[in-house]
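Working notes, structure below.
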Amino acid sequence: MCLAVPGKILEATNLGISRIAKVEFGGVTRQVSLDFVPDARPGDFVLVHVGFAISRIEEEEAKRAYDALLEFEKEMPESP
Amino acid sequence: MEICGGQTHTIMRYGLPDLLPEEIELVHGPGCPVCVASLELVDRAIEIAGRPGVIFVSYGDMLRVPGSRSDLFHVKAAGGHVRIAYSPMEAVRIAAENPDRQVVFFGIGFETTAPANAMAVWQAKRQGLTNFSMLVSHVLVPPAMRLILRSPANRVQGFIAPGHVCTVVGFREYETLAAEFRVPIVVGGFEPVDLLEAIAMLVDQLEDGRAELENQYSRSVTRSGNGPAQQLMHEVFEVTDRQWRGIGPIPDSGYRLREEYAAFDAERVFGTGEIRVQEPPECIAALVMQGLKKPVDCPAFGTRCVPERPLGAPMVSSEGACAAYYTYRRHIGGEVAG
């Protein structure tokens, strides 16, 4: 239920009082509400839950998690 | 203990328990809203969905959850208008397109989903819809953690807090929990590497004798969370007591619609009254969701209880601990039945 998927904002438009974006998830695009992330801009990555972006992903922090992955790989035995 | 069912799913899917030393045991928490939705609530949903003139809209997972006598799929099969939606805004759209029907959305979820469901109600009010309502059963994570921590049988020594719940609400309340119960808590993400890192951070805390809140999922979570989302959720919802399936009532553990939004409250619109029901006695879901038992400890697991014919909700939802074990671990020799 609390599944949220990261996607990249391709474009954003105003629709009445809402801000709607076209967001790409690995090749698939969907309409997403940006009402909860007013600062998000095209090019940003957002986490999307039931049609709403709930956060803008911090690129520096995402890189830190990726580096942690490389670190774990180094420490893992060759094959479990 | 990881709280969130999505994290349980990642843990089982990627076989993380097999990568960890024996001393580290992962127990699975109550963070599956489908699993904790009370039997009374499911019966109420079935009752409303079966009424003539109603279009009942729900997230897909809820349809197979057994009520005391039936489930929403059976209502649909019997000709009831039950539709699956990905977003609550679809239900608002359906209501606008079908002014002669009553459209009811099954508003379940934890804090992650609350802003979206609040937005649906807020938009419906703004659009002046008089045929949209929500059957609300929102639940909150911290009261459930308190219940687990206060239990004399508790053996959880560290928590992975739910990353998407904290994306919305931040983690100040979890700092309080860590200090109050002297238990390490790490806000964790949902990728295998996130969970491994969160576990490593918990082990570091335990080895150092610390009991703090740390944030592993910093690419999405900040201390104060998502301000606009919280603002709307508090505009539409207020805290209330909630019945948790298998666990019982927990004070101040959920949301209901505020008085200003009473016209959108399906329980008031349809006046379903009080429903009292009994859980199937064989199901140990309550113990599983408090981390006191593993799914494989249940004699019905994989035999009398399978995803197609579930006794309890944790076998239904893709996030339920029983379904995660059934999907990923039942073929592992010796350990499980099935």
task: Among the numbered conditions (1) surrounded by fewer than 17 Cβ atoms within 10 Å (Cβ to Cβ); (2) free of Cβ contacts under 8 Å to residues at least 60 places away in the same chain; (3) over 29 Å from B:VAL168 (Cβ atoms), tell me where B:VAL277 comes up short.
output: (2)
- prompt: Going through the stretch B:121-179 one residue at a time, which ones are surrounded by 20 or more Cβ atoms within 10 Å (Cβ to Cβ) and aromatic (Phe, Trp, Tyr)?
  reply: B:PHE132, B:PHE159, B:PHE171, B:TYR174
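Listed here are the residues, each with its yes/no results for (1) within 22 Å of the chain's Cα centre (by Cα); (2) assigned to a loop (DSSP other than H, G, I, E, B); (3) not small (Gly, Ala, Ser).
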{"residue": "B:VAL156", "(1), (2), (3)": "yes, yes, yes"}
{"residue": "B:THR167", "(1), (2), (3)": "yes, no, yes"}
{"residue": "B:GLU173", "(1), (2), (3)": "yes, no, yes"}
{"residue": "B:VAL187", "(1), (2), (3)": "yes, no, yes"}
{"residue": "B:PHE190", "(1), (2), (3)": "yes, yes, yes"}
{"residue": "B:LEU195", "(1), (2), (3)": "yes, no, yes"}
{"residue": "B:GLN205", "(1), (2), (3)": "no, no, yes"}
{"residue": "B:GLU214", "(1), (2), (3)": "no, no, yes"}
{"residue": "B:SER218", "(1), (2), (3)": "no, yes, no"}
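Yes/no per residue for (1) within 11 Å of chain A (Cβ to nearest Cβ); (2) assigned to a helix (DSSP H, G or I):
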| residue | (1), (2) |
| --- | --- |
| B:MET119 | yes, yes |
| B:ALA124 | no, yes |
| B:GLY128 | no, no |
| B:SER133 | no, no |
| B:ALA144 | no, yes |
field: Selection count, the stretch B:221-259, where residues are at pLDDT 95 or above and outside any strand (DSSP E or B)
entry: 18
- request: Taking the residues in the stretch B:24-37 that are away from every other protein chain (no Cβ under 14 Å) and either farther than 14 Å from B:CYS322 by Cβ or modelled with pLDDT under 90 (or both) as candidates, determine which candidate is surrounded by the most Cβ atoms within 10 Å (Cβ to Cβ).
  value: B:LEU26
- prompt: For the stretch B:50-78, which residues satisfy the criterion of being closer than 21 Å to B:VAL277 by Cβ and assigned to a strand (DSSP E or B)?
  reply: B:PHE56, B:SER58
message: I'd like to check something: does the stretch B:54-70 contain any residue that is more than 16 Å from B:ALA285 (Cβ to Cβ), aromatic (Phe, Trp, Tyr) and away from chain A (no Cβ under 14 Å)?
response: yes
- prompt: With respect to the numbered conditions (1) in contact (Cβ under 8 Å) with a residue 12 or more places away in the chain; (2) more than 13 Å from chain A (Cβ to nearest Cβ), which one is the sole condition not fulfilled by B:THR167?
  reply: (2)
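Residues are listed down the side, and each one gets a yes or a no for (1) crowded, with 19+ Cβ neighbours inside 10 Å; (2) modelled with pLDDT under 90; (3) not basic (Lys, Arg):
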{"site": "B:GLU267", "(1), (2), (3)": "yes, no, yes"}
{"site": "B:THR272", "(1), (2), (3)": "no, yes, yes"}
{"site": "B:ALA286", "(1), (2), (3)": "yes, yes, yes"}
{"site": "B:GLN290", "(1), (2), (3)": "yes, yes, yes"}
{"site": "B:PRO295", "(1), (2), (3)": "yes, no, yes"}
{"site": "B:GLU308", "(1), (2), (3)": "no, yes, yes"}
{"site": "B:ALA321", "(1), (2), (3)": "yes, no, yes"}
Criterion: away from chain A (no Cβ under 14 Å), more than 18 Å from B:ALA324 (Cα to Cα), touching a Phe, Trp or Tyr at 6+ places or on another chain (Cβ under 9 Å) and assigned to a helix (DSSP H, G or I) - qualifying residue of B:GLU90, B:GLU47, B:GLU40: B:GLU47
- prompt: With respect to B:ALA114, is the statement that it is under 23 Å from A:SER18 (Cβ atoms), crowded, with 24+ Cβ neighbours inside 10 Å and in contact with a His (Cβ under 6 Å, 6 or more places away or on another chain) true?
  reply: yes
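The values are calculated or read from the model by the stated rules, or taken from the named source; none is laboratory data. Note that the structure is a prediction, hence the values are computed from the model and not measured. Using ideal geometry, Cβ is built from the backbone for each residue, glycine included, and neighbour counts are taken over all protein chains shown.
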